[in-house]
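To keep things clear, I will list the structure first and then write my remarks on it.
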Amino acid sequence: MSKLKSRLLAAIVFLSSAASASAEMPGDSVPGVKKVRDVIIYEDKQYYATFPSVVKKKDGEILVAFRRAPERRGFGEKASSHVDPNSYLVMVKSKDGVNWTKEPDLLYAHSLGGSQDPCMLQLRDGTLLCASYGWAFLRPDGLEKLKQPYFMIGEAVFLGGYMMRSTDGAKTWKGPIYPPHIQPEINLDVYGKPVPAYNRGAMYEGKDGRVFWVVAASESNKPKKTTNHLLISEDKGVTWKYASVVASDEKASFNETSIYETPKGDLVAFLRSAELDDQACMARSTDGGKSFGKWEKMGFQGHPLQAMRLLDKRVLLVYGYRHKLFGIRARILNAECTDFATAKEIVLREDGGGYDIGYPWAVQLSDKQVLVTYYFNIDNGTRHIAGTILEIGK
């Protein structure tokens with residue numbers, strides 16, 4: 001081979017490698033943000049793993065909780081579903097965010113049916129809360145006797161929400177603790193009782209020790225027509241009281257919502273919407289949750305959202321992107337979350353195998369690195385729990 005051909009070949013290899021690295025590191029396009037790597041947190045072809053949340057314990061151990069159910073395609077069925085009678089809350093552990101325990105520990109298996117979306121929060125004293133909700137699968141003769149109104153997907157009847165608590169670093173969990181039913185919610189459970197409050201989204205412990213939780217409510221029989229409301233706990237998640245309406249609209253719906261308290265003391269609710277072309281939305285309270293101002297569009301598509309305070313008090317806002325190119329995205333907002341309209345978008349992943357991905361949740365790994373967890377699929381393969389490690393500078 002001539003020297004010229006060798007040089008050309010080397011140049012082609014270099015350019016190809018550079019292009020590949022660029023495609024794998026989309027976050028590098030935003031100054032101060034560098035994508036380090038993607039990691040597999042949990043994957044097993046037998047199981048459909050979805051909806052993670054993550055915390056870093058006081059001792060440095062990282063916990064990722066998620067919903068695990070059988071991969072129904074392995075049974076010869078057409079697809080897996082987000083509701084399943086054998087969906088349980090499980091968790092895996094890591095010391096570094098890269099290497100994870102292979103076999104998950106059971107967090108909770110609901111005695112009446114399948115569970116959904118474990119949403120963890122670590123309080124300042126180390127107490128762990130985990131919010132979830134459940135579905136009971138009824139036979140035809142039971143369905144005929146159900147008291148109206150109730151919410152149903154397939155053969156699954158909605159049970160409402162519940163809470164688990166751990167005071168020993170997730171070695172054991174106590175519960176379920178059932179939050180109160182909120183007045184706007186019309187649906188009944190399988191026993192004909194009003195369903196307890198529920199939602200998927202991040203809770204937040206305020207600087208005064210109160211715990212904030214935005215829950216959803218079905219106020220009519222229209223499918224997916226929901227509003228958001230604030231509950232507050234003053235005893236570390238044992239009991240909850242209704243505080244205020246967070247977001248409501250005659251046409252649009254709001255459901256899976258995370259809440260965040262700014263250094264100034266504002267409560268910012270990051271809302272998943274429906275009937276708004278997948279617009280990310282937000283609502284703000286300036287009086288400690290007694291009331292919220294009118295909800296507003298944030299100017300970009302994505303859901304659900306979760307906000308994490310960085311060490312310099314800026315806010316990392318992560319969200320799923322269920323449009324081509326399917327993936328995971330983020331923005332870095334100022335401390336008071338007022339620059340959402342101008343904050344640059346960070347693309348963490350754009351290689352998803354369809355819309356059934358997302359639900360990201362972030363945690364600080366070290367002074368410089370953040371782990372963003374989410375569920376993912378490649379080429380419509382088995383859903384698994386993955387993560388992206390970012391380096392974020394000032």
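The values are calculated or read from the model by the stated rules, or taken from the named source; none is laboratory data. These numbers were taken from a predicted model, which means no experiment stands behind them. Here Cβ is always computed from backbone atoms with ideal geometry, including for glycine, and neighbour counts include all displayed protein chains.
Scanning the range 185-223 for residues that are surrounded by fewer than 18 Cβ atoms within 10 Å (Cβ to Cβ), over 19 Å from GLY288 (Cα atoms) and not β-branched (Val, Ile, Thr) returns TYR191, GLY192, LYS193, PRO194, GLU219, SER220, ASN221, LYS222, PRO223. Total residues in the range 139-154 satisfying the condition of being part of a helix (DSSP H, G or I), out of contact with any strand residue (DSSP E or B) (no Cβ under 9 Å at 6 or more places or on another chain) and not acidic (Asp, Glu): the figure is 1. From the list ALA136, ALA131, the lone residue that is over 22 Å from the mean Cα position of the chain (by Cα) and not in a loop (DSSP other than H, G, I, E, B) is ALA136. Residues of the range 250-265 that are under 18 Å from the mean Cα position of the chain (by Cα), of a type in the set (D, E, K, R) and in a loop (DSSP other than H, G, I, E, B): GLU256 alone.
Looking at ALA217, ALA170, ALA202, just one residue is in a strand (DSSP E or B) and small (Gly, Ala, Ser), and that residue is ALA217. The requirement of being at pLDDT 95 or above, surrounded by fewer than 24 Cβ atoms within 10 Å (Cβ to Cβ) and in contact with a helix residue (DSSP H, G or I) (Cβ under 8 Å, 6 or more places away or on another chain) is satisfied by VAL347. Scanning for something crowded, with 20+ Cβ neighbours inside 10 Å, touching an Asp or Glu at 6+ places or on another chain (Cβ under 8 Å), in contact (Cβ under 8 Å) with a residue 60 or more places away in the chain and in a strand (DSSP E or B), does the range 306-328 turn up at least one residue? Scanning the range 306-328 turns up no residue that is crowded, with 20+ Cβ neighbours inside 10 Å, touching an Asp or Glu at 6+ places or on another chain (Cβ under 8 Å), in contact (Cβ under 8 Å) with a residue 60 or more places away in the chain and in a strand (DSSP E or B). Only one entry in LEU89, LEU106 is part of a strand (DSSP E or B) and free of Cβ contacts under 8 Å to residues at least 24 places away in the same chain, namely LEU106.
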